[in-house]
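The values are calculated or read from the model by the stated rules, or taken from the named source; none is laboratory data. Everything quoted here is computed from the prediction, not taken from an experiment. No Cβ is skipped: glycine too gets one built from the backbone with ideal geometry, and neighbour counts run over all protein chains shown.
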Amino acid sequence: MMLILHQDEKQPREGNTLQKQGDGMGKKTDEIVTLSQHLKRSGVDPDLRRLITSFAFVALDAQHQFPKYLRGTMGEPNKYGEAVARLDEWVNGYLCDRLIKTGLVRKIYSEELKEPLLGHGGAPFVVAMDPLDGSSNIVSNNAFGTIVGIYREDLPQKGRKLVAAFYKLYGPVNTFVYTAGSGTHEFVKHYDGLGNAQFLLLGENIRIPEPGEVFGLGGDPMDWSQAFLRFAKDLFKKERMKARYSGTFAADFSQVLHRGGIFAYPSTKKSPRGKLRLFYEAQPMAFIMEQAGGASWSGSGSLLDAVDKDVDARVPLYLGSKALVKKVKKALE
Ligand code: AHG
Ligand code: MN
Ligand code: MN
């Protein structure tokens, strides 16, 4: 069975005269490889393997329950003062509960937890997560995701200390993209003849295309700096790229990872630290992006080197193809 999609026949877009590097799809293979097999053959340690696999399947089980929680918000806002959808609250509770049950987690930090949740004292891992990324897309039935970073040491820590990161995208098909420090790999959910779900390898060692095709920029353009506004205009005018912004970071990130380009939620006049969260969103995705040959920037260096004492801190975020991250740096520095 052919599981690896490819773009052999794809022509470069008009205006993109440079030779494209990386097809954003990963290595092609006819071999059927499950997520657990891939983790094992990549030499990932058994505890970490177990945690990543459990997470993938727990998120999958959770998805079966989504229809029950599609409408409504909780009375109380979260620690960022944002409305909490009923689904945000339910997914957070479900993931936390199942993760603690693995016995592998010492502490869970979550966008939807006012205080970190304590697990098993001697357990090897600390988890930081955005359980449901893109909750404004619940009502409209657009894609949303789950973003997770796994550390051995307690937070706050630099992203360089991540031992693994992954995101799950609940889209037309359900994908699971992970890195444990040796490349970025993508899996897709399949069902076997007996109705059992499995994650099968879709692309190994994904390389983000250079130059890129798409961009997603968050925040209110009226609140952007003049320099960022000029950079944004150049993406249309000079780079001849297409705008792609869904309001779900995981979904927009996935476009950039596969097609090349840039995603940014910049520092703005009203929110100098942007909107996205350093530990729950930025660090895990920066790890995945850099492992795919892309780059990240926080306004002062790689997002993997950004530090903050506050585990709930926000951070200006720019990530994508190396050449474009270099351009945004030059425009803003
Ligand atoms: P969350 O749903 O976890 O709060 O995250 C939403 C984030 C991110 O997914 C997205 O890129 C951004 O917020 C969208 O913000 P705007 O609505 O300001 O565009
Ligand atoms: Mn989010
Ligand atoms: Mn969220």
Inset, instruction - Kindly indicate whether any position in region 289-304 is within 16 Å of ligand 3 (Cβ to nearest atom), within 17 Å of the chain's Cα centre (by Cα) and assigned by TED's automatic domain parsing to the domain that holds L257. - result: no
Legend entry - Qualifying residue in region 120-134 (condition: of a type in the set (A, V, I, L, M), more than 18 Å from the chain's Cα centre (by Cα), within 14 Å of ligand 3 (Cβ to nearest atom) and more than 17 Å from M285 (Cβ to Cβ)): no
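It is to be established whether one or more residues within region 224-241 are outside the structural domain of Y109 (by TED's automatic domain parsing), within 30 Å of I150 (Cβ to Cβ) and of a type outside the set (K, R).
No, because not a single residue in region 224-241 is outside the structural domain of Y109 (by TED's automatic domain parsing), within 30 Å of I150 (Cβ to Cβ) and of a type outside the set (K, R).
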Inset, instruction - Considering only residues that are touching a Leu at 6+ places or on another chain (Cβ under 7 Å), assigned to a loop (DSSP other than H, G, I, E, B) and within 16 Å of ligand 2 (Cβ to nearest atom), look in region 118-161 and name the one that is modelled with the highest pLDDT. - result: A143
Inset, instruction - Report whether or not T175 is polar (S, T, N, Q), within 18 Å of the chain's Cα centre (by Cα), more than 16 Å from ligand 3 (Cβ to nearest atom) and closer than 29 Å to R86 by Cα. - result: yes
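Taking the condition of being within 18 Å of L276 (Cα to Cα) and surrounded by fewer than 19 Cβ atoms within 10 Å (Cβ to Cβ), how many residues in region 219-228 meet it? Before the answer, list the steps.
We begin by selecting, within region 219-228, every residue within 18 Å of L276 (Cα to Cα); these are 219-221, 223-225, 228.
Filter once more, keeping what is surrounded by fewer than 19 Cβ atoms within 10 Å (Cβ to Cβ): 220-221, 223, 225.
Total meeting the criteria: 4.
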Legend entry - Residues within region 111-160 that are touching a strand residue (DSSP E or B) at 6+ places or on another chain (Cβ under 8 Å) and without any contact (Cβ under 8 Å) to a residue 12 or more places away in the chain, tallied: 1
